[in-house]
Amino acid sequence: MIDYKKRITSLLERIEADTFLVFNLEGTDSASMYYLTGFTGEGALIISGSETLLLTDSRYTEQVKREVPEIASKKITGNYLDAVVGTINSKSIPNLVIGSSRISHYFVETLKKRVETVIVSMKDPVQELRKVKDPEEIKRIRAAVNLTQASLSELIEGIKIGMTERQVALRLEFIMREKGAEKVAFDLIIAAGENSALPHYRPKDRKLRQGDLLLCDIGAQVDGYCSDMTRVFSIGEPPTQAKEIYNIVLQANRAGRDQVKAGATGIAVDGAARRVITDAGHADHFGHGLGHGVGIEVHESPRLSPLSKDILEAGMAATIEPGIYLPGFGGVRIEDLVIVTEEGCDVLTSFPSDCLAQIG
Ligand code: ZN
Ligand code: ZN
């Protein structure tokens, strides 16, 4: 069971204000809405110490009854901005905090003109709360990881030379959905040969050929929580260079994992992995950060990178995903998902990665 009351209390303590507004239309802040209430629809949430009020519309009347029967809700008929303004002005709210990275400039400007309340911008206090996962969240992330791994095992048995990246991606999504995923956690990255050198590639009609690297950066959503994992295979016998970069990335991955524990900085963990790649002469071929938090969203806090301001705490979920990308040749990334503990970390991803496996 998720203790939503506790989450709301923690939020109000964190923001040191009376009231917080979540505004979620077209998915602008579905993460906060879901985290604070369990509601998966659209609307606005006005949270104060005395009550949580959900403003939503007729599309969600039944859904509200099913998902959040305990929350006070009001069905609106006009537009949301008017409804939020009307509700705020009908209550005596001295100050109202908004998550400014989740609300449009237009919305905030309009709100400031039309309400009596002082509007206070904070970047995204709910995401700050979401950094440390509770046991139920870890259970759901683990379920998403396990489903992803089982799907990948099934996928690679059927991979053949001549299939296109798009066919592989579609097949994997089908397997994931069949196994109970709500959806893919992000657009699956299936990249063959030279395309694997593009870290955020979208699968196209490139056919798998003998000697290709095949990079699979994949994740599923289960019970509202995501997984994120990358494994790289060789189609048949790999070229020597592929084996070389694979082994460097593997060492970097393990060096990063070894640094993870409560109290470690995002900079230090990134640095440990990056050093391995730099020492091997590939500093220019690893441009992205080492990792990111995963939860309701696939990319969330904390960040592990040279610019990170995060200090790890037990219960955080983070990826460790060093890579080497050689333009025109291909790339390798090995991405694991770990839960930070006091002493180190629990690695949730157990899909083998200790050598460049041949498939196809
Ligand atoms: Zn990934
Ligand atoms: Zn990732």
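Please work out which residue is surrounded by the fewest Cβ atoms within 10 Å (Cβ to Cβ), limiting yourself to region 103-120 and to residues that are in contact (Cβ under 8 Å) with a residue 24 or more places away in the chain and touching a strand residue (DSSP E or B) at 6+ places or on another chain (Cβ under 7 Å).
Filtering region 103-120 for residues that are in contact (Cβ under 8 Å) with a residue 24 or more places away in the chain and touching a strand residue (DSSP E or B) at 6+ places or on another chain (Cβ under 7 Å), the one surrounded by the fewest Cβ atoms within 10 Å (Cβ to Cβ) comes out as VAL118.
Of all residues in region 169-180, which are in contact with a helix residue (DSSP H, G or I) (Cβ under 7 Å, 6 or more places away or on another chain) and closer than 18 Å to ASP205 by Cα?
Correct list: ARG171, LEU172.
Take region 287-311 and flag every residue that is farther than 17 Å from VAL126 by Cα and crowded, with 24+ Cβ neighbours inside 10 Å.
LEU290, GLY291, LEU304
Inside region 92-101, can you point out the residues that are outside any strand (DSSP E or B) and surrounded by fewer than 19 Cβ atoms within 10 Å (Cβ to Cβ)?
Of everything in region 92-101, those that are outside any strand (DSSP E or B) and surrounded by fewer than 19 Cβ atoms within 10 Å (Cβ to Cβ) turn out to be SER92, PRO94, SER100, SER101.
Between GLY193, GLY219, which is over 18 Å from LEU152 (Cβ atoms) and crowded, with 18+ Cβ neighbours inside 10 Å?
Of the residues listed, the single one that is over 18 Å from LEU152 (Cβ atoms) and crowded, with 18+ Cβ neighbours inside 10 Å is GLY193.
Could you identify the single residue in GLN259, GLN241 that is more than 29 Å from VAL184 (Cβ to Cβ), more than 16 Å from ligand 2 (Cβ to nearest atom) and touching a helix residue (DSSP H, G or I) at 6+ places or on another chain (Cβ under 8 Å)?
GLN259
Can you pull out every residue in region 223-249 that is within 16 Å of ligand 1 (Cβ to nearest atom) and in contact with a Ser or Thr (Cβ under 9 Å, 6 or more places away or on another chain)?
SER227, ASP228, MET229, THR230, ARG231, VAL232
Looking at (1) touching a Lys or Arg at 6+ places or on another chain (Cβ under 7 Å); (2) over 30 Å from GLU136 (Cα atoms); (3) surrounded by 16 or more Cβ atoms within 10 Å (Cβ to Cβ), which one does LYS204 not meet, given that it meets all the others?
Of the numbered conditions (1) touching a Lys or Arg at 6+ places or on another chain (Cβ under 7 Å); (2) over 30 Å from GLU136 (Cα atoms); (3) surrounded by 16 or more Cβ atoms within 10 Å (Cβ to Cβ), the odd one out for LYS204 is (3).
Working carefully through the options SER301, SER308, SER234, find the one that is within 14 Å of ligand 2 (Cβ to nearest atom) and at pLDDT 95 or above.
On inspection, the qualifying residue turns out to be SER301.
The values are calculated or read from the model by the stated rules, or taken from the named source; none is laboratory data. No experiment lies behind these values; they were computed from the predicted model shown. Every residue, glycine as well, gets a Cβ built from its backbone with ideal geometry; the counts of neighbours run over all protein chains shown.
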